[in-house]
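Working notes for the structure below.
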């Protein structure tokens, strides 16, 4: 299986795809062989153009969660993603999670866990995040140009209060901050193997996951 894995998580529209794109470009410049795996609820965006625009194609594949919770589905699919990346000749697997639930955190122990937050969403957005933020290795604030320097400082303070991870900024359009992000991530890469999850996921299936439509607590 690939020697290293970087898993990027965050709420929808927070800029996860941009973080993966710039990490991939930086990895290519560092002579790494990245592969990109994404987990989505439904097939949506086409294959990212950057994966076929460079000197060589970057292996890319989409998985969908189907009827499962997307974060649980990612935990189930991680070994399959690693095996696929190995067959594709990659030595670095970049994984983009659906990241819908702040309570869930499908970060493997032996991976670089990157949490992505939209700076323009404000401090309140960080207050609603659980293990996805508190157990990450790096916290990335995207769209930093949309807030004032004072607001950025408050966001950084809020992120550091929730977890101990370094907080970095990244402009998804220009790539400003990508070099610092890759330098930090590359220094944390520690070899193969999932070795379990960093935090326990909630109950795997509830009655709603299995198709229940009735509202309220059923009498036993």
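Kindly evaluate residue 212 against the criterion of being in contact with a helix residue (DSSP H, G or I) (Cβ under 6 Å, 6 or more places away or on another chain), surrounded by fewer than 20 Cβ atoms within 10 Å (Cβ to Cβ), modelled with pLDDT under 80 and over 25 Å from residue 21 (Cα atoms).
Details: in contact with a helix residue (DSSP H, G or I) (Cβ under 6 Å, 6 or more places away or on another chain): no; surrounded by fewer than 20 Cβ atoms within 10 Å (Cβ to Cβ): yes; modelled with pLDDT under 80: yes; over 25 Å from residue 21 (Cα atoms): yes.
Criteria not met by residue 212.
Scanning region 128-147 for residues that are surrounded by fewer than 18 Cβ atoms within 10 Å (Cβ to Cβ) and either over 18 Å from the mean Cα position of the chain (by Cα) or assigned to a helix (DSSP H, G or I) (or both) gives 134, 145, 146. Only one of 96, 153 is modelled with pLDDT of 85 or more and surrounded by fewer than 24 Cβ atoms within 10 Å (Cβ to Cβ). Can you tell me which? 153 is the lone residue from the list that is modelled with pLDDT of 85 or more and surrounded by fewer than 24 Cβ atoms within 10 Å (Cβ to Cβ). Screening residue 125 with (1) surrounded by 16 or more Cβ atoms within 10 Å (Cβ to Cβ); (2) out of contact with any strand residue (DSSP E or B) (no Cβ under 8 Å at 6 or more places or on another chain); (3) assigned to a helix (DSSP H, G or I); (4) modelled with pLDDT under 80 gives one miss only, at (2). Within region 172-187, the only residue that satisfies the criterion of being touching a helix residue (DSSP H, G or I) at 6+ places or on another chain (Cβ under 6 Å), outside any helix (DSSP H, G or I) and surrounded by 17 or more Cβ atoms within 10 Å (Cβ to Cβ) is 172.
Have a look at 90, 85, 73 and point out the one that is in contact (Cβ under 8 Å) with a residue 24 or more places away in the chain and part of a loop (DSSP other than H, G, I, E, B). Give the derivation first.
Working: 85 fails: part of a loop (DSSP other than H, G, I, E, B); 73 fails: part of a loop (DSSP other than H, G, I, E, B).
So the residue among 90, 85, 73 that is in contact (Cβ under 8 Å) with a residue 24 or more places away in the chain and part of a loop (DSSP other than H, G, I, E, B) is 90.
Looking at region 148-168, can you tell me whether even one residue there is free of Cβ contacts under 8 Å to residues at least 60 places away in the same chain, assigned to a loop (DSSP other than H, G, I, E, B), within 22 Å of residue 4 (Cα to Cα) and in contact with a helix residue (DSSP H, G or I) (Cβ under 6 Å, 6 or more places away or on another chain)? Checked region 148-168: no residue is free of Cβ contacts under 8 Å to residues at least 60 places away in the same chain, assigned to a loop (DSSP other than H, G, I, E, B), within 22 Å of residue 4 (Cα to Cα) and in contact with a helix residue (DSSP H, G or I) (Cβ under 6 Å, 6 or more places away or on another chain).
Only one residue in 34, 2 is more than 13 Å from the chain's Cα centre (by Cα), modelled with pLDDT under 90 and buried (at least 20 other Cβ atoms within 10 Å of the Cβ), so which one is that? If you could, list the steps in order and put the result at the bottom.
Numbers: 34 fails: modelled with pLDDT under 90.
Step by step, each of 34, 2 is checked, and only 2 is more than 13 Å from the chain's Cα centre (by Cα), modelled with pLDDT under 90 and buried (at least 20 other Cβ atoms within 10 Å of the Cβ).
The values are calculated or read from the model by the stated rules, or taken from the named source; none is laboratory data. These numbers were taken from a predicted model, which means no experiment stands behind them. For neighbour counting, all protein chains shown are included, and Cβ atoms are generated from backbone atoms with ideal geometry for every residue, glycine included.
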